[in-house]
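Structure, as C-alpha cells:
What follows is calculated from the coordinates using simple rules that are stated; it is not laboratory data. The structure displayed is predicted, hence computed values, not measured ones. Glycine gets a Cβ as well: all are built from the backbone with ideal geometry, and neighbour counts include every protein chain shown.
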Amino acid sequence: MNANVSTDDFFATVAEKSEGAGLRGDYSKIDAQYVVAQDWDAYTPEQHALWRRLYQRQAKLIPGRACDVFIESLERLNIGDGIPNFEQSSEALFKATGWRLVAVPGLIPDYTFFEHLANRRFPVTVWLREPEEFDYIVEPDVFHDFFGHVPLLFNPIFADHMQEYGKGGLKAMKLDGLSMLARLYWYTVEFGLIQQPDGLRVYGAGILSSGGEIEYCLSSPEPRRIPFEVERVMRTLYKIDSYQETYFVIDSFQQLFNDTAPDFTPIYQKLKTLDPLPANLLLPGEVNLQAK
Ligand code: PHE
Ligand code: FE
C-alpha cells in the first residue's frame, strides 16, 4: 500500500484480499494513526480468564526454548494475571528503551504501521480471540501482539532494530520492495531463532505465542534451520497457514541490527530480477542446523 492511499482504500484492499470477509475489530473510533483507547475496563472476567489460560500454557513451554531476553522481560512485565493494561506496561517499556505501546483495533495499513515503528511506538491489537480459537487465529489478537512482541522491545538493540525496520518500511514503499522486506520481518521478528551460548532459542513472536510451534521449531527433524543471511531471507517465500518449513538463525541481536543496516536499494533491485525461492529449499553448501 502506498503512502497516499486513504483509509477507504485500505478497507477495500483488505476486503478484496480476504474475499469480502473484511477485518475483525472495531474501526469506528480510530484517529488518523488508527489508534484507539484500549478500554481496559470493558474486558470481561471470562476474557481475563482466557488470557490466563493462554499465558499459563506458554509460560510452561518457555524455559529452555525462549531466548533469555524474552524470559527476563516477561518476568518484569508481570502480565500473567489477566489482559494487561497497555498504559501501565507502556510506562515500564518507555523507561527501559523509550518505546511506547499504542492500542489499535486490529490490522492497520502498512504505511501507518511503519510510521508507528519509526517513532518507537508499537501497535497492539485490543481484541482477544474467542475460546474456540485457543490454538489458532487468522489475524493477530492482543495475546499474540502483547505476549509475543512486547517483551523483546525491552532489549535496547532489538528496540533500535525495530525502529530501523519502521524507517526501512517507509523507504521500501517508495522502492517497491515491500514483499522482500515483509519476508525479512516474517523470518526474524515473527519466526526467528537465535543461537545462544547454551543452545538454540526462539525470539520470533509468531512462535512464542504459539502452543505447538515453539516445540516443533526446535525439536522436529522436519524443518530447515539455516544461518541468517539478509539476501537469502528476502528471497524466500513463506507459509502463513502451517508451521514454517525453514527457520533462519541469528547469532545475536547485534548481528541482526548490523546485517540489516546497509542500504537495501541495490538488494531490492537485484532480487527483483530473480525468482523467489520456495520455503522448503536448502541451497548447495548451506548449513542445516540439527534439531536438539
Ligand atoms: N537498511 C534498510 C534499508 O536501507 C532498512 C532496514 C533496517 C530494514 C533494518 C530492515 C531492518 O532499506
Ligand atoms: Fe506479529
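Sequence-distant or interchain residues sharing an amide H contact under 5 Å with Ala66, placed H: which?
HN-HN under 5 Å from Ala66: Val202.
Collect residues whose amide H, placed 1.01 Å from N in the peptide plane, falls under 5 Å from the amide H of Phe248; neighbours closer than 5 in sequence don't count.
Leu193, Ile226
Rounded to the nearest 0.05, what FRET efficiency do Thr7 and Ser179 have when you use their Cβ-Cβ distance and R0 = 25 Å?
Calculated transfer efficiency: 0.65.
Ranked highest first by the average count of other Cβ atoms within 10 Å around their residues, in what order do 211-224, 115-128 fall?
Packing proxy ranking, top to bottom: 115-128, 211-224.
With an 8 Å Cα cut-off and a minimum separation of 6 or more residues, compute the relative contact order for the chain in percent.
Averaging sequence separation for qualifying contacts and normalising by length gives 17 percent for the chain.
Dipole size in debye (nearest 20) for the range 42-177 around its Cα centre, Lys and Arg Cβ +1, Asp and Glu Cβ -1?
Taking the Cα centre of the range 42-177 as origin, the dipole is about 360 debye.
For the residue pair Ala59 and Asp160, what label-to-label distance in nm results when each label sits 7 Å from Cα along the Cα-to-beta-carbon direction?
Roughly 3.3 nm, to one decimal.
Counting only DSSP beta bridges with both residues in the chain, what percent are antiparallel, rounded to the nearest 5?
Here the antiparallel bridges make up roughly 30 percent for the chain.
Output ³J(HN,Hα) for the range 27-32: one whole-Hz value per residue in order, computed from phi by the Karplus curve 6.51 cos²θ - 1.76 cosθ + 1.60 with θ = phi - 60°, and x for Gly and Pro.
Listing the rounded values in order: 9, 6, 10, 6, 8, 5 Hz.
Could you list Tyr43, Tyr247 in order of exposure, starting from the residue whose Cβ has the fewest other Cβ atoms within 10 Å?
The order, fewest Cβ neighbours first, is Tyr43, Tyr247.
Pull out the extension gain between Glu229 and Tyr243, defined as 0.36 nm times the separation in residues minus the alpha carbon to alpha carbon distance; nm, one decimal.
Length difference between fully extended and current span is 3.0 nm.
Looking at Leu74, Tyr243, Asn288, which one has the Cα that reaches farthest to the positive end of the dipole of the chain (charges on Cβ: Lys, Arg +1; Asp, Glu -1)?
Asn288
State to the nearest 20 debye the size of the charge dipole of the chain about its Cα centre, where the only charges are +1 on K and R beta carbons and -1 on D and E beta carbons.
It comes to approximately 660 debye.
Leu93: net charge of surrounding residues, Cβ under 12 Å, Lys/Arg +1, Asp/Glu -1, itself excluded?
Local charge sum for Leu93: +3.
For the range 228-245, what does the Karplus curve 6.51 cos²θ - 1.76 cosθ + 1.60, with θ = phi - 60°, yield as ³J(HN,Hα) per residue in whole Hz, taken in order and with x for Gly and Pro?
4, 8, 3, 5, 4, 5, 6, 9, 9, 5, 9, 9, 10, 10, 7, 4, 5, 8
Under a plain spin-label model, where a point goes 7 Å from the Cα along Cα-to-Cβ, how far apart in nm are Glu75 and Lys270?
Distance between the two pseudo-spin positions: 4.3 nm.
Using only helices, what value at 222 nm comes out for the chain when you add -39,500 (n - 2.57) per DSSP H run of length 4 or more and divide by the total residues, to the nearest 500 deg cm²/dmol?
Helix contribution divided over all residues of the chain: -12000 deg cm²/dmol.
Over the Cα atoms of the range 48-134, what Rg and Dmax result, in angstrom?
Rg then Dmax for the range 48-134, in Å: 14.3, 37.
Just order 153-161, 76-84 by mean Cβ neighbour count inside 10 Å, highest at the front, would you?
Most protected by this proxy first, the peptides run 153-161, 76-84.
Taking amide H positions as placed in the peptide plane 1.01 Å from N, state which residues far from Asn155 in sequence (5 or more) or on other chains have amide H under 5 Å from it.
Residues meeting the amide H criterion: none.
Roughly what would the spin-label model give for Ser252 and Lys95, points 7 Å off Cα along C-beta, in nm?
Each label point lies 7 Å from its Cα, and together they span 2.8 nm.
From zero outward in steps of 5 Å, how is the percent of C-alpha pairs of the range 7-271 spread across the bins?
Whole-percent P(r) values from 0 Å outward: 1, 6, 13, 17, 20, 19, 14, 8, 2, 0, 0.
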